[in-house]
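The values are calculated or read from the model by the stated rules, or taken from the named source; none is laboratory data. Predicted model, so just to flag it, every value in this text is computed and none were measured. A quick note on method: Cβ atoms are made from the backbone with ideal geometry, for glycine too, and the neighbour counts reach across all protein chains shown.
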């Protein structure tokens, strides 16, 4: 297995992995991925086994704080340490860029993710996250 930066040809494979692992596919998420790739493509990492894309993680940095999201490994390749290797590779990139804290958000009902992240040294924080969806009027372009 190799961990490498995202390439344009990976797009179909990673969206298929996200679908296979239950991530909701929204246009806003794809826009965020495009912005991240334009800003720092070295923070979008791919796991590849025998030439096939099997995992992805997307990271971003804001000051000395880093975030990652959309960690996914194709169901046929789960439980082989691929997710762990993706997280560790991204953590190393964050370290090289001077990051001092990594923050991730996990849905409370994701019973597999929380123990996984705790095994990597992440601690559950007692925070409440609020969100609001803002719909764009029809016919107006997004910026």
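Kindly check whether there is at least one residue in region 68-79 that is surrounded by fewer than 19 Cβ atoms within 10 Å (Cβ to Cβ) and modelled with pLDDT under 90. Yes, the conditions are met somewhere in region 68-79. I'm checking my understanding of the structure. Among residues of region 98-112 that are at pLDDT 90 or above and either part of a loop (DSSP other than H, G, I, E, B) or out of contact with any strand residue (DSSP E or B) (no Cβ under 7 Å at 6 or more places or on another chain) (or both), which one is surrounded by the most Cβ atoms within 10 Å (Cβ to Cβ)? Out of the qualifying residues, it is 99.
May I ask you to list the residues in region 113-134 that are exposed (fewer than 10 other Cβ atoms within 10 Å of the Cβ), assigned to a loop (DSSP other than H, G, I, E, B) and either modelled with pLDDT of 80 or more or touching a helix residue (DSSP H, G or I) at 6+ places or on another chain (Cβ under 6 Å) (or both)? If the condition is that a residue be exposed (fewer than 10 other Cβ atoms within 10 Å of the Cβ), assigned to a loop (DSSP other than H, G, I, E, B) and either modelled with pLDDT of 80 or more or touching a helix residue (DSSP H, G or I) at 6+ places or on another chain (Cβ under 6 Å) (or both), then 121, 123, 125, 132 are the ones that fit. Checked against the criterion of being within 27 Å of residue 5 (Cβ to Cβ), in contact with a strand residue (DSSP E or B) (Cβ under 6 Å, 6 or more places away or on another chain), free of Cβ contacts under 8 Å to residues at least 40 places away in the same chain and surrounded by fewer than 14 Cβ atoms within 10 Å (Cβ to Cβ), the candidates 95, 65 yield just one match: 65.
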